[in-house]
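**Q** To start, I am sharing the structure in question, which I have written as structure tokens.
A short reminder: the numbers here are calculations on the coordinates, not readings from a lab. Worth saying up front: this structure is predicted, and the values here are computed from it rather than measured. Here Cβ is always computed from backbone atoms with ideal geometry, including for glycine, and neighbour counts include all displayed protein chains.
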Amino acid sequence: MFKYALLDYVPQRYLRRASFDTLENDRFILDFKSGRRYATDKASRLIGKALSLMDLKDTVIVCIPASCQQTYTRRFRNFSAKVSALCGAIDGFEHIHVIGKREKVHICGEHAAEDNVWIDEDFFKGKRILLIDDICTSGRTSDAFKERMESAGAHVRMAMFLAKTKNYRRTNNYKYN
């Protein structure tokens with residue numbers, strides 16, 4: 001599966017060395033995760049522009065579920081509708097539901113396919129899917145959800161992320177790469 005991220009996201013522990021642009025991107029991404037309207041509109045335009053040259057008329061846009069339905073709805077309902085409209089794609093938001101609540105992946109470290117996600121198998125069977133999520137750190141969450149979608153009969157073609165977590169590793173002379 002092809003994966004693509006538009007921006008870099010820098011974890012809090014590295015922000016003291018961050019540029020103004022990096023700080024601005026991080027604030028935007030966190031505002032998107034919080035469901036702020038300006039961030040949802042901006043993210044929709046960014047993703048829509050990046051996908052504008054692709055023919056997505058027979059493709060379903062599916063946002064990778066958050067830890068609970070409330071967070072998933074706040075973050076992705078309007079975003080999914082706007083991106084789908086901009087790209088001429090099918091909005092798959094209403095065909096995915098989060099049941100109950102699970103521990104957040106960045107806290108528990110679990111990347112297994114979520115058992116608390118309901119997928120409308122009748123709707124997705126045989127459909128082409130483009131997955132979208134806010135931040136990609138390792139890609140394991142998108143890989144696990146891709147497997148769930150494919151076991152429901154969907155054909156996942158690509159995963160797109162608003163941002164990729166930038167990893168800084170110390171070198172021998174203790175400078176950041």
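**Q** Rounded, prolate or oblate: which one fits the chain, using the alpha carbon gyration tensor with axes a ≥ b ≥ c (rounded when a/c is under 1.5, else prolate when a/b beats b/c, else oblate)?
**A** Prolate, since a/c reaches 1.5 and a/b exceeds b/c.
**Q** In degrees from 0 to 90, rounded to the nearest 10, what is the angle of the helix 69-87 Cα long axis to the longest principal axis of the chain?
**A** 80
**Q** Now, a different point. By how many nm would the segment from Ala18 to Asp58 lengthen if fully extended, with 0.36 nm per residue of separation less the alpha-carbon distance?
**A** Gain on extension, Ala18 to Asp58, equals 10.3 nm.
**Q** Still on this structure, please answer the following. Check the straight Cα-Cα distances from Lys42 and name the aspartates and glutamates below 19 Å, setting aside those fewer than 8 residues away within the same chain.
**A** Asp8, Asp21, Glu24, Asp26, Asp31, Asp91, Asp133, Asp134
**Q** Rounded to the nearest 0.05, what FRET efficiency is calculated for Arg37 and Ile99 with R0 set to 25 Å and r the Cβ-Cβ distance?
**A** Numbers: r = 27 Å, r/R0 = 1.08.
Efficiency, from the Cβ-Cβ distance: 0.40.
**Q** To check you understand DSSP bridge types, tell me what percent of the beta bridges within the chain (both residues inside) are antiparallel, rounded to 5.
**A** Among the beta bridges of the chain, antiparallel pairing accounts for roughly 20 percent.
**Q** Report the relative contact order of the chain, percent, no decimals, based on alpha-carbon pairs under 8 angstrom and at least 6 residues apart.
**A** It comes to 29 percent, rounded to a whole number.
**Q** Next up: Between exposed GluC sites (Glu not before Pro) in the chain, where DSSP calls loop and at most 16 other Cβ atoms lie within 10 Å, what's the longest gap?
**A** In short, 1-102.
**Q** Would you look at the GNM of the chain, springs on alpha carbons closer than 10 Å, and say which of Ala85, Ala144, Ala18 moves the most?
**A** Between Ala85, Ala144, Ala18, it is Ala18 that shows the largest mean-square fluctuation.
**Q** Rank-order 32-38, 45-51, 159-165 by packing density, defined as the average count of other C-beta atoms within 10 Å over each peptide's residues, highest first.
**A** Ranked from most to least packed, the peptides come out as 159-165, 45-51, 32-38.
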